[in-house]
Amino acid sequence: MENLQEERVFQLVRELLQREEYSHVCKCPDCFVDIAAIALNALPAEYVADKYYKFPETAESVKSKQEAATKQILDAIAKVTQRPHHD
């Protein structure tokens, strides 16, 4: 079983943290995982038995899930930036 949200969230976190506007955000492995975990906990799980044989998604569905994930990631970036688990 696999949560399809994980791949989406990890990819979006990588993309967002490369943007100039997030250059101030710590990109250490601990902060990266904290951002992803906070975002994933706020999103509905999307488990499939096999990610290669899942039901096809519409373009609208993909866009909607990307937007929802991006919103949760941005919220998570703000939280982790305010209270990182390191000095």
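Here, each number is a calculation from the coordinates, and none is a lab measurement. A quick note: this is a predicted structure, and the numbers were derived from the prediction, not measured. Note: ideal-geometry Cβ built from the backbone for every residue, glycine included; neighbour counts use all protein chains shown.
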Choice from 63, 71, 27 with maximal GNM fluctuation in the chain (Cα, 10 Å cutoff): 63
Label-zone membership for segment 43-87, site residue 19, 7 angstrom Cα→C-beta point, backbone N under 18 Å: 63-82
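Tell me, 9, 48 in order of fewest to most beta-carbon neighbours within 10 Å?
Values: 9 24, 48 13.
Ascending number of Cβ neighbours within 10 Å: 48, 9.
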With the chain treated as a Gaussian network of Cα nodes joined by springs under 10 Å, which of 42, 69, 59 yields the largest mean-square fluctuation? 59
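Check the chain and count each lysine pair with an alpha-carbon distance under 17 angstrom, considering only pairs eight or more places apart or from different chains. Please list the in-between numbers first.
Working: 27/79; 51/65; 54/65; 63/71; 71/79.
The number of close lysine pairs in the chain is 5.
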The size of the Cβ-based charge dipole (Lys, Arg +1; Asp, Glu -1) of the chain about the Cα centre, to the nearest 20 debye, is 100 debye
So how long is each side of segment 2-82 along the principal axes, counting just the alpha-carbon atoms, biggest first, in Å? 39, 23, 18
Could you pull out every whole DSSP H run in the chain that spans at least 30 Å of Cα extent along its own axis and averages -0.5 or higher on the Kyte-Doolittle scale? 59-82
Taking 0.36 nm per residue of separation between residue 58 and residue 1 and subtracting their Cα-Cα distance, the length gained on full extension comes to 18.3 nm
Distance from segment 1-30 to segment 53-70 (C-alpha centre basis), Å: 17 Å
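Subtracting the Cα-Cα distance from 0.36 nm times the residue separation, let me have the gained length for residue 49 to residue 81 in nm, one decimal.
Details: separation 32, 0.36 × 32 = 11.52 nm, distance 3.49 nm.
In short, 8.0 nm is gained.
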Please build a GNM for the chain, connecting alpha carbons under 10 Å apart, and tell me which residue among 34, 50, 75 fluctuates the most. 50
